[in-house]
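Enquirer: Attaching a single structure in structure tokens format; questions to follow.
The values are calculated or read from the model by the stated rules, or taken from the named source; none is laboratory data. A quick note: this is a predicted structure, and the numbers were derived from the prediction, not measured. Because the Cβ atoms are built from the backbone with ideal geometry, glycine has one as well, and the counts that use them run over all protein chains shown.
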Amino acid sequence: MNASEDDETLVCPGCNSTDVIGISYGYPGPEAYAASGRGEIKFGGCRIMKNSPDWYCKACRCSWPDPERIKQSAKVEQMPVSRAGSRKKEQDDG
Ligand SMILES: [Zn+2]
């Protein structure tokens with residue numbers, strides 16, 4: 001039996017390299033710093049935007065967003081936002 005290749009291997013859309021690492025957002029912890037030092041992840045900044053890149057190719061230095069995340073964030077935006085506990089405007093009576 002041959003070990004099947006990992007289907008989830010990411011390939012760079014620009015150069016077809018598999019030297020692809022994830023981009024981490026938010027405040028990095030010590031583990032993230034260590035991983036970054038090993039070249040396993042890249043820091044993208046504090047905030048992740050809808051079209052922020054998720055993946056970075058070390059071969060050609062391009063980055064691109066994850067199509068699945070874009071889909072999901074689009075879904076979230078389409079969902080109606082229920083505003084629980086809407087604030088009542090207090091009337092200031094003199
Ligand atoms: Zn590339």
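Enquirer: Just to be sure, is R87 part of a helix (DSSP H, G or I) and either in contact with a helix residue (DSSP H, G or I) (Cβ under 9 Å, 6 or more places away or on another chain) or at pLDDT below 90 (or both)?
Expert: On the way: part of a helix (DSSP H, G or I): no; either in contact with a helix residue (DSSP H, G or I) (Cβ under 9 Å, 6 or more places away or on another chain) or at pLDDT below 90 (or both): yes.
Against the criterion (part of a helix (DSSP H, G or I) and either in contact with a helix residue (DSSP H, G or I) (Cβ under 9 Å, 6 or more places away or on another chain) or at pLDDT below 90 (or both)), R87 does not qualify.
Enquirer: Could you check the stretch 23-64 and list, in sequence order, the residues that are among the small types (G, A, S), surrounded by 15 or more Cβ atoms within 10 Å (Cβ to Cβ) and not in a loop (DSSP other than H, G, I, E, B)? Break it down stepwise before answering.
Expert: Within the stretch 23-64, the subset among the small types (G, A, S) is 24, 26, 29, 32, 34-37, 39, 44-45, 52, 59, 63.
Okay, now just the ones that are also surrounded by 15 or more Cβ atoms within 10 Å (Cβ to Cβ), so 24, 32, 35-36, 44, 52, 63.
Within the stretch 23-64, S24, A32, A35, S36, G44, S63 meet the criteria.
Enquirer: Turning to a different aspect of this structure: In the stretch 50-75, how many residues are more than 16 Å from the ligand (Cβ to nearest atom), in contact (Cβ under 8 Å) with a residue 12 or more places away in the chain and among the basic types (K, R)?
Expert: 2
Enquirer: Continuing with this model, one more query. Out of all the residues in the stretch 23-68, which are of a type in the set (S, T, Y) and out of contact with any Pro (no Cβ under 8 Å at 6 or more places or on another chain)?
Expert: Going through the stretch 23-68, the residues of a type in the set (S, T, Y) turn out to be 24-25, 27, 33, 36, 52, 56, 63.
Answer for the stretch 23-68, where residues must be of a type in the set (S, T, Y) and out of contact with any Pro (no Cβ under 8 Å at 6 or more places or on another chain): S24, Y25, Y27, Y33, Y56.
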